[in-house]
Amino acid sequence: MSEVLFVPLIRRPLWLTFFDSRVPAGFPSPAEDHRGVKLDLNRLLLPHPDSTYLVRVMGDSMTGGESGIRDGALLAVDCQLQAEPDDVVIAVVEGQFTVKRLVKRTGEAWFLVPDNPSYPERAIDEPDLFDVWGVVTHVVTETRRGRKKAYVCVS
């Protein structure tokens, strides 16, 4: 079961300094001339604020893949977007929430596929018992565990 958090969205811009250069994850490169520009974080993360909500992930079925989703992450979910093949979605299957990758295979076969190969994929063979609530657009994951709780409050 996933915990759905409804968080009031700030409608005024939240300007942060953004350095438009890539930071190497391998060995450091000689410093470039880094000049920061302002970036509105709300506009980037919440292009459709009236149809976007946050979900906290419970479990590890999406770890180990390209999505970068791990237990405890917050997901920005946009309900206005139409789900496409290979999107990560929040789905309801037989009344239960789940986060999985929506995959289309040969013909008209659709599957909900976890990024973690230890978990089974699920064929969507009963469309009446399945619904996509939204498309995951961003993942917020802490690198210093335990601090996110201080900023995300559930009422």
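The values are calculated or read from the model by the stated rules, or taken from the named source; none is laboratory data. All of these numbers come straight from a predicted model, not from anything done at the bench. Note: ideal-geometry Cβ built from the backbone for every residue, glycine included; neighbour counts use all protein chains shown.
Structure data summary
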quantity: Any hit, region 102-118, residues being at pLDDT below 85, of a type in the set (Ser, Thr, Tyr) and within 28 Å of residue 144 (Cβ to Cβ); calculated: no
quantity: Of residues in region 96-117 being part of a loop (DSSP other than H, G, I, E, B) and in contact (Cβ under 8 Å) with a residue 12 or more places away in the chain, the one surrounded by the most Cβ atoms within 10 Å (Cβ to Cβ); calculated: 114
quantity: Inter-residue pairs, beta-carbon under 7 Å, first free of Cβ contacts under 8 Å to residues at least 40 places away in the same chain and in region 56-80, second charged (D, E, K, R), 6+ apart; calculated: 59/71; 71/60
quantity: Evaluation of residue 64 against (1) assigned to a loop (DSSP other than H, G, I, E, B); (2) in contact with a strand residue (DSSP E or B) (Cβ under 7 Å, 6 or more places away or on another chain) (one fails), failing number; calculated: (2)
quantity: Odd one out for residue 129 among (1) hydrophobic (A, V, I, L, M, F, W, C); (2) farther than 17 Å from residue 58 by Cα; (3) modelled with pLDDT of 90 or more; calculated: (3)
quantity: Some residue of region 69-78 being surrounded by fewer than 19 Cβ atoms within 10 Å (Cβ to Cβ) and closer than 14 Å to residue 115 by Cα; calculated: yes
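Let's see how each residue does on (1) modelled with pLDDT under 90; (2) of a type in the set (Val, Ile, Thr):
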site: 52; (1), (2): yes, yes
site: 57; (1), (2): yes, yes
site: 61; (1), (2): no, no
site: 73; (1), (2): yes, no
site: 76; (1), (2): yes, no
site: 84; (1), (2): no, no
site: 94; (1), (2): yes, no
